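K.L.:
Dumping the structure here so I can ask a few things about it.
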Amino acid sequence: MQSLSDLGEFKLLNEIVLPLLNKNQEGINIGDDCSFFKLPNDSGTLVFTSDVGPTPLVWQLGYESFHSFGWYSIAVNISDLAAVGAKPMCVLSSIEAPNNFAVDKFKKLFQGIADATKELNVQNAGGNIRTAPRLECHVAAIGYLESGIEQIKRDKCKAGDRIIVLGDLGLFPSIYIKAKNKGFSSLEEWEQKILCYPRTQIKGMQRLAKLNLVNAATDNSDSLTGSFWNIIEKSKCKIEIDMEDNGILPNHVLDVADKYNYNPWNIALMWGDWNIVLSIDEKKFPQFKKVAKSNNLKFHEIGIAKKGKPELIGKMKEGKKEMKILRNENFKLSSYNSSIEDHIEYLLQTELFK
């Protein structure tokens, strides 16, 4: 008999879960960062997402912050809303913990949730608490798109589109590598905040959505190669990443890679920066740059979409090679939830090319 690990998260979703749940549904389709439900009388669209709060990676550094845990549980869901340009409306949470869990830790967890919702200007609509064998923090988020704003999904990337990473590139993993080698306490205060309290691209994406500047998008939950593949798979296209020009890579990535002997692209392509992958029509790219500049939006032009069979290609001086899709995948031994250390090692040390 097959087990879940035989298939892994993405085969389970594509071959079992989505076909069953999408069958005979009208007006709503699932399988993107969020699902959409159009309101009557063309009065806008409700946007839904749900995810579990991950144990913050900073815990691996000996900094066990339950406040950070609560913050992460909100941010991971708001990042999904950001990917589609929605305005966050409210979140609901279902928190599980053992009977003997410390009240002080429980309070700090909820303080992190409260602080994150305040920072992100989203209402907390309550939820549920209950006893369970271990701490779990499940959250659902609801957002809103005004009438006239097109739904941003993963399936509208076209040949010629510029592939953009909105947000920082490799900053989170660079700081983590530094802290792993020198200790969390060695970090500057702003670096500690990057690891403990991620910020999403919610405001920038709302602006881009209103101006209809994005063809396709997905957030970086599992790695950038995974995000590229989300778009490739749904849009049935090829994406070519420009790895020939090291000018794409920020100095913080190059410096850490050189000092601690990593491939800088493994660092840049990891998750943690809460960035968004966008495909932008070439004709709209000049306007995108103007909007990004006027709104202080960080972005990195990293590749181009092309016609062809679905594949991710790395373009280098010595030629073009097909890339592996290195990402977090639940039910696999290399997943974050199986072994955090093994998962990080897998992303940072695995050869990028097939």
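The values are calculated or read from the model by the stated rules, or taken from the named source; none is laboratory data. Note that the structure is predicted; figures quoted are calculated from it, not measured. When we count neighbours, we look across all protein chains shown, and the Cβ atoms used for this are built from the backbone with ideal geometry, even at glycine. Each accessible area value is taken on the protein alone, full model and side chains, heavy atoms only, with ligands, DNA and RNA left out. Shrake-Rupley method; radii C 1.70, N 1.55, O 1.52, S 1.80 Å.
K.L.:
Quick check on the range 212-220. Is at least one of its residues touching a residue at least 40 places away in the same chain (Cβ under 8 Å) and of a type in the set (Gly, Ala, Ser)? Can you show your working first?
P.N.:
Our first condition is that a residue be touching a residue at least 40 places away in the same chain (Cβ under 8 Å); within the range 212-220, this holds for 212-220.
Restricting the remaining residues to those that are of a type in the set (Gly, Ala, Ser) gives 216-217.
Within the range 212-220, one or more residues are touching a residue at least 40 places away in the same chain (Cβ under 8 Å) and of a type in the set (Gly, Ala, Ser).
K.L.:
Also, I was wondering about something else. From the set of residues in the range 74-106 that are part of a helix (DSSP H, G or I) and of a type in the set (D, E, K, R), which is nearest to Gly143 (Cα to Cα)? Quick ask: steps written out before the conclusion?
P.N.:
Filtering the range 74-106 down to residues part of a helix (DSSP H, G or I) leaves 74-83, 103-106.
With of a type in the set (D, E, K, R) added as a condition, the list becomes 80, 104-105.
Numbers: Asp80: 10, Asp104: 31, Lys105: 29 Å.
Looking at residues that are part of a helix (DSSP H, G or I) and of a type in the set (D, E, K, R), I get Asp80.
K.L.:
Looking only at the range 302-354, which residues are touching a strand residue (DSSP E or B) at 6+ places or on another chain (Cβ under 6 Å), assigned to a strand (DSSP E or B) and not hydrophobic (A, V, I, L, M, F, W, C)?
P.N.:
Result: Gly303, Lys306, Glu311, Gly314, Lys315, Lys320, Lys321, Glu322.
K.L.:
Does Ala159 meet the test of being open to solvent by 20 Å² or more (accessible area, probe 1.4 Å), modelled with pLDDT of 95 or more and within 30 Å of Glu240 (Cβ to Cβ)?
P.N.:
Numbers: open to solvent by 20 Å² or more (accessible area, probe 1.4 Å): yes; modelled with pLDDT of 95 or more: yes; within 30 Å of Glu240 (Cβ to Cβ): yes.
Considered against the rule, which asks whether it is open to solvent by 20 Å² or more (accessible area, probe 1.4 Å), modelled with pLDDT of 95 or more and within 30 Å of Glu240 (Cβ to Cβ), Ala159 comes out as yes.
K.L.:
Kindly provide the set of residues from the range 1-13 that are free of Cβ contacts under 8 Å to residues at least 12 places away in the same chain and surrounded by 13 or more Cβ atoms within 10 Å (Cβ to Cβ), ordered by number.
P.N.:
Lys11, the sole residue that qualifies.
K.L.:
Scan the range 53-66 and tell me whether some residue there is touching a strand residue (DSSP E or B) at 6+ places or on another chain (Cβ under 7 Å) and touching a residue at least 24 places away in the same chain (Cβ under 8 Å).
P.N.:
If we filter the range 53-66 for residues that are touching a strand residue (DSSP E or B) at 6+ places or on another chain (Cβ under 7 Å), which is where we start, we get 53.
Going one step further and asking which of them are touching a residue at least 24 places away in the same chain (Cβ under 8 Å), we end up with 53.
Yes.
K.L.:
Please work out which residue is nearest to Ser50 (Cα to Cα), limiting yourself to the range 221-242 and to residues that are open to solvent by 10 Å² or more (accessible area, probe 1.4 Å) and not in a strand (DSSP E or B). Steps first, answer last, please.
P.N.:
We begin by selecting, within the range 221-242, every residue open to solvent by 10 Å² or more (accessible area, probe 1.4 Å); these are 221-222, 229-230, 233-236, 238, 240, 242.
Adding the requirement that they be not in a strand (DSSP E or B) leaves 221-222, 229-230, 233-236.
Numbers: Ser221: 13, Asp222: 15, Trp229: 21, Asn230: 18, Glu233: 22, Lys234: 20, Ser235: 23, Lys236: 26 Å.
Filtering first and then ranking leaves Ser221.
K.L.:
Do you know which residues across the range 44-68 are part of a strand (DSSP E or B) and β-branched (Val, Ile, Thr)?
P.N.:
Within the range 44-68, Thr45, Val47, Thr49, Val52 qualify.
K.L.:
Quick one: is Lys289 closer than 18 Å to Leu169 by Cα and open to solvent by 10 Å² or more (accessible area, probe 1.4 Å)?
P.N.:
Here the answer is yes, as Lys289 does meet what is asked.
K.L.:
Residues that are touching a strand residue (DSSP E or B) at 6+ places or on another chain (Cβ under 7 Å), closer than 22 Å to Ala83 by Cβ and among the hydrophobic types (A, V, I, L, M, F, W, C): list the strands (runs of 3 or more DSSP E) wholly contained in the range 120-200 that include at least 3 such residues.
P.N.:
Per the criteria, 136-145, 162-166.
K.L.:
May I pose another question? As an exercise: evaluate Leu109 against (1) open to solvent by less than 10 Å² (accessible area, probe 1.4 Å); (2) under 28 Å from Ser227 (Cα atoms); (3) assigned to a helix (DSSP H, G or I) and give the number of the one condition it does not meet.
P.N.:
(2)
K.L.:
Do you know which residues across the range 15-42 are open to solvent by 70 Å² or more (accessible area, probe 1.4 Å), not charged (D, E, K, R) and not in a loop (DSSP other than H, G, I, E, B)?
P.N.:
Matches in the range 15-42: Ile16, Leu20, Leu21, Phe37, Pro40, Asn41.
K.L.:
What pairs can you find where one residue is in the range 14-34 and within 22 Å of Leu81 (Cα to Cα), the other is of a type in the set (S, T, N, Q) and open to solvent by 70 Å² or more (accessible area, probe 1.4 Å), and their Cβ atoms are less than 8 Å apart, with a gap of 6+ or different chains?
P.N.:
Hits for this filter: Asn22/Asn29.
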